[in-house]
1. Consider the range 142-165. How many of its residues are touching a Phe, Trp or Tyr at 6+ places or on another chain (Cβ under 9 Å) and farther than 26 Å from Asp230 by Cα?
2. Name the single residue, out of those in the range 58-73 being within 19 Å of Ala148 (Cα to Cα) and either surrounded by fewer than 17 Cβ atoms within 10 Å (Cβ to Cβ) or hydroxyl-bearing (Ser, Thr, Tyr) (or both), that is nearest to the ligand (Cβ to nearest atom).
3. Condition (residue is surrounded by fewer than 24 Cβ atoms within 10 Å (Cβ to Cβ), within 12 Å of the ligand (Cβ to nearest atom) and in a helix (DSSP H, G or I)) applied to the range 242-259: is it met by at least one residue?
4. For the subset of the range 92-119 comprising residues that are within 14 Å of the ligand (Cβ to nearest atom) and among the hydrophobic types (A, V, I, L, M, F, W, C), which member is nearest to Gly133 (Cα to Cα)?
5. Filter the range 167-209 for residues that are surrounded by fewer than 22 Cβ atoms within 10 Å (Cβ to Cβ) and touching a Pro at 6+ places or on another chain (Cβ under 8 Å); which is farthest from Ala140 (Cα to Cα)?
6. Across the range 49-65, what is the total count of residues that are in a loop (DSSP other than H, G, I, E, B) and more than 13 Å from the chain's Cα centre (by Cα)?
7. List the residue pairs whose Cβ atoms are under 8 Å apart, where the first residue sits in the range 203-218 and is within 17 Å of Met65 (Cα to Cα), the second is away from the ligand (no atom under 15 Å from the Cβ) and of a type in the set (Asp, Glu), and the two are 6 or more positions apart or on different chains.
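Where a number appears in this text, it was derived from the coordinates with a stated rule and is not lab data. Since the structure is predicted, the reported quantities are computational estimates derived from the model, not experimental observations. Counting neighbours? That spans all protein chains shown, and the Cβs are built from the backbone with ideal geometry, glycine included.
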Amino acid sequence: MRNTANRKLDHIRICLEEEVESDYSGFEDVKFFNNSLPELDFYDIHTGIEFLGKKLNAPFFIASMTGGHPETTEINRNLAIAVEENGVGMGVGSQRAALEDERLEESFTVVREVAPKAFIYANIGIPQILQHGIEYAERAVEMIDADALAIHLNFLQEVIQPEGDVNARNGLKAIREVCENLKVPVIVKETGGGISALVAERLRDVGVDAIDVGGAGGTSWIGVEVYRTDDEISKRIGYEFWDWGLPTAFSIVECRGYLPLIATGGLRSGLDVAKSIALGAEIGSAALPFLSAATKSAEEVSRLIEFFVRGLKMAMFLTGSRKVKDLRRCRLMFFGKFKDYLEIKGIDLRKFSNNREV
Ligand SMILES: Cc1cc2nc3c(=O)[nH]c(=O)nc-3n(C[C@H](O)[C@H](O)[C@H](O)COP(=O)(O)O)c2cc1C
């Protein structure tokens with residue numbers, strides 16, 4: 001059996017070398033109306049926002065990925081340098097390995113060393129919160145002087161891993177205890193399954209501060225595990241569940257109105273960030289595209305952030321949105337499966353196409 005630190009390296013190698021994405025995030029089925037008369041100077045566009053009490057230059061996070069093995073220190077350093085330079089935020093990967101073995105802490109602490117001002121969130125899985133409660137939550141936050149803690153929900157991945165933690169009982173109670181006792185805001189974060197309205201409501205009711213919807217359509221953790229397993233049955237099941245989950249765009253619609261939302265799962269451009277915000281998220285975030293850049297240099301990561309932010313700005317310009325929150329008032333078109341989903345939910349499409357003449 002592989003230990004936590006080695007498993008993290010397996011994941012990185014597989015994500016760098018193999019095709020691990022699932023095929024539908026929902027963003028394919030949303031389009032903005034073009035505003036041919038935006039009545040706006042492109043250079044007046046303001047992408048700054050405030051999130052959980054901290055200012056960001058753009059509504060963008062690099063989603064939690066790594067740390068926990070000495071070889072991941074450089075990846076986290078490059079991500080964090082670029083995040084600091086660009087005034088955006090990032091999550092570190094699960095800190096479980098360093099909580100179990102403090103010699104691994106440097107792969108996480110490097111982030112705060114090179115990004116003293118950026119929004120950085122800590123990360124720990126619900127199985128570890130169930131076993132160690134507030135103690136692990138506090139230590140994870142202290143380790144990197146985090147602005148928030150993300151508790152990740154990943155039963156979709158745990159259930160296919162031979163070494164997975166599959167006892168999900170009392171999960172909500174454990175989250176409540178952390179929310180009641182932790183000094184920084186708590187984000188609950190899915191990792192590919194997407195969060196439904198019912199779960200969002202339960203999370204709000206126990207005091208969670210924000211949700212990362214972590215929907216389907218990007219990195220598939222079942223997919224990653226398919227590459228790791230030699231067991232034929234696990235492989236067959238893995239292929240069947242590869243695309244499991246609520247697509248990211250649908251999950252934003254599910255959770256809107258309950259709590260501030262981070263959209264993750266298959267966002268591959270600034271246009272996807274803009275669509276996420278128009279649908280109801282505060283922030284767009286991506287993991288996989290940044291992994292390969294971070295193995296090269298901080299400059300590569302910075303260039304990729306610029307790609308996302310410029311695309312967002314273009315979408316803002318062409319929809320006449322001077323501020324990020326103006327994207328919420330844009331008219332949207334829905335197609336295919338997304339349109340079907342909204343109809344099944346009984347959601348009035350005009351909700352997304354009001355206010356603004358274009
Ligand atoms: C290499 C890699 C490692 C990851 N490790 C973690 C982790 O430790 N904790 C976590 O909450 N999410 C982790 N994730 C999930 C991401 O934060 C994100 O939810 C998911 O990859 C979907 O976003 P994407 O489609 O942009 O990759 C990881 C993702 C990648 C690609």
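1. 7
2. Ser64
3. no
4. Leu99
5. Going through the qualifying residues, I end up with Asn167.
6. 4
7. Going by the 8 Å Cβ cut-off, the qualifying pairs are Val213/Glu254.
So that you can scan it fast, the table gives a plain yes or no per residue for (1) out of contact with any Phe, Trp or Tyr (no Cβ under 6 Å at 6 or more places or on another chain); (2) among the polar types (S, T, N, Q):
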residue: Asn34; (1), (2): yes, yes
residue: Lys54; (1), (2): no, no
residue: Thr73; (1), (2): yes, yes
residue: Ala82; (1), (2): yes, no
residue: Val88; (1), (2): no, no
residue: Ala118; (1), (2): yes, no
